[in-house]
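The values are calculated or read from the model by the stated rules, or taken from the named source; none is laboratory data. Bear in mind the structure is a predicted one, so any value in this text is a computation, not a measurement. Cβ atoms come from the backbone with ideal geometry, glycine included; neighbour counts cover every protein chain shown.
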């Protein structure tokens, strides 16, 4: 069989010398690779497996010593044979330096072809034998791996089981157990103790003690499982609750499998318990969220329906504009509540949203602390503010450039008092009757929130005061100190 050729790298900056080396080494029958500089030699080494390097000591930029040092720094080429060719007389110091840099031999110039071929042939054969030895080592390793394969296969299931058990113990969500059906002995792993909230030192595993930890409503699950195994069932799975000694209730799913003897009689039952409490809680939260979304959607639709039903106007266009404005106000507060996950809305944010459509510059002044409103309060108050802004923009202070509006609010014992004061606008006259939208929507302050509204139609501008409870408990408190004589009229207007 022909021997596999090896690669021999020839490095010299003079083409004539490279050609001479090729002629001398041609008869060896190996692959000759040419490099005309040290850098080119490094590039070749990174791409090609080289058996022997023949390198000239004297080269510009990167001489043979420097090249050898760089080659030896790379872990892959630390054992590659390097032969130096020197055209000058090499002193012992230079020769020692070359050996320190990684040279294995020197060839002086003029080169004796037979000597050069002999040296290259020796190192090429050494490389080839080394490679053959490496292959033999690989084959030996393969045989060793093959001989241990049966042992690994026989222990694979045990190792996988142990890994699962370790992961379950680490996560605290899974445990395994074993029940000797004949003797009644139980064996629990650490995860099983952790799920049940007991410790191996203080808890003796017996049928009675295990049953005592089951939720009273789920004890029948254990009896049913025992009955099923006695009937010949080989596997059983069920969900159940446990009642830990500290009073905490945990949801679990248990899977059990029976081992039988030759006669088919159950002799052992083994199983796994998984704590699924978090999954159960997530399902409950999801169901609650679905009901909450349904409730909020119905509320929003009910409000929209009321707006459409109660809005009055002499013309279709006026009716459309009124409905559209109120629906948009409802939509804006809905967006604010959605961004807070329906936890509530800030009063200043509601006012800013209602101000957004107007370019009023310094006509409006706001003053008041940060107030967080409940969702229902925010919706009702947003519609009331919308009516006040709309009426002011049409007929009041905001209808002229000279008009001014001051809105301030304060909180005292969970009761919000908001003052709306207009000035500088058209002369105000007390209306003979209030607008339907204003009456109906402000009536909701009293009927829905348990608050109060007061209007003072001053000549210089409207003064409106609203009292709004901030908690449901406050909403049931005593009536406002403000005059409530018009409450009945507002209720009739909204009915």
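Go through the residues of the range 262-285 one by one and say whether even a single one is assigned to a strand (DSSP E or B) and farther than 20 Å from residue 188 by Cβ. Looking for residues that are assigned to a strand (DSSP E or B) and farther than 20 Å from residue 188 by Cβ, one finds none in the range 262-285, hence no. Here residue 354 meets the list (1) over 33 Å from the mean Cα position of the chain (by Cα); (2) at pLDDT below 85; (3) buried (at least 16 other Cβ atoms within 10 Å of the Cβ); (4) over 16 Å from residue 464 (Cβ atoms) almost entirely, failing just condition (4). Only one of the numbered conditions (1) surrounded by fewer than 11 Cβ atoms within 10 Å (Cβ to Cβ); (2) in a loop (DSSP other than H, G, I, E, B); (3) modelled with pLDDT of 85 or more is not met by residue 217, and that is (2). Considering only residues in the range 396-433 that are within 20 Å of residue 453 (Cα to Cα) and out of contact with any strand residue (DSSP E or B) (no Cβ under 8 Å at 6 or more places or on another chain), the one that is surrounded by the fewest Cβ atoms within 10 Å (Cβ to Cβ) turns out to be 432. Can you confirm whether residue 79 is surrounded by fewer than 18 Cβ atoms within 10 Å (Cβ to Cβ), under 54 Å from the mean Cα position of the chain (by Cα) and either modelled with pLDDT of 80 or more or part of a loop (DSSP other than H, G, I, E, B) (or both)? Yes; evaluated as a whole, the condition is true for this residue. Within the range 416-460, the set of residues being on the phi > 0 side of the Ramachandran plot and at pLDDT 90 or above comprises 424 only.
Condition (residue is assigned by TED's automatic domain parsing to the domain that holds residue 66, in contact with a helix residue (DSSP H, G or I) (Cβ under 8 Å, 6 or more places away or on another chain), modelled with pLDDT of 85 or more and under 22 Å from residue 78 (Cβ atoms)) applied to the range 113-125: is it met by at least one residue? Looking for residues that are assigned by TED's automatic domain parsing to the domain that holds residue 66, in contact with a helix residue (DSSP H, G or I) (Cβ under 8 Å, 6 or more places away or on another chain), modelled with pLDDT of 85 or more and under 22 Å from residue 78 (Cβ atoms), one finds at least one in the range 113-125, hence yes. Answer yes if at least one residue in the range 25-34 is part of a loop (DSSP other than H, G, I, E, B) and surrounded by fewer than 17 Cβ atoms within 10 Å (Cβ to Cβ), and no otherwise. Yes, the range 25-34 contains a residue that is part of a loop (DSSP other than H, G, I, E, B) and surrounded by fewer than 17 Cβ atoms within 10 Å (Cβ to Cβ).
Please work out if residue 50 is under 21 Å from residue 130 (Cα atoms), touching a residue at least 24 places away in the same chain (Cβ under 8 Å) and either not in a helix (DSSP H, G or I) or not assigned by TED's automatic domain parsing to the domain that holds residue 113 (or both). Answer is yes for this residue. Residues in the range 177-212 that are part of a helix (DSSP H, G or I) and under 36 Å from the mean Cα position of the chain (by Cα): 7 in all. Within the range 461-479, the residues that satisfy the criterion of being surrounded by 14 or more Cβ atoms within 10 Å (Cβ to Cβ) and either modelled with pLDDT of 85 or more or more than 20 Å from residue 378 (Cβ to Cβ) (or both) are 461, 462, 463, 464, 465, 466, 467, 468, 469, 470.
Selection within the range 115-166: residues that are without any contact (Cβ under 8 Å) to a residue 40 or more places away in the chain and more than 55 Å from the chain's Cα centre (by Cα). The member of this set that is farthest from residue 189 (Cα to Cα) is 115. Note on the range 372-395: residues that are buried (at least 20 other Cβ atoms within 10 Å of the Cβ) and either modelled with pLDDT of 90 or more or touching a helix residue (DSSP H, G or I) at 6+ places or on another chain (Cβ under 7 Å) (or both) total 14.
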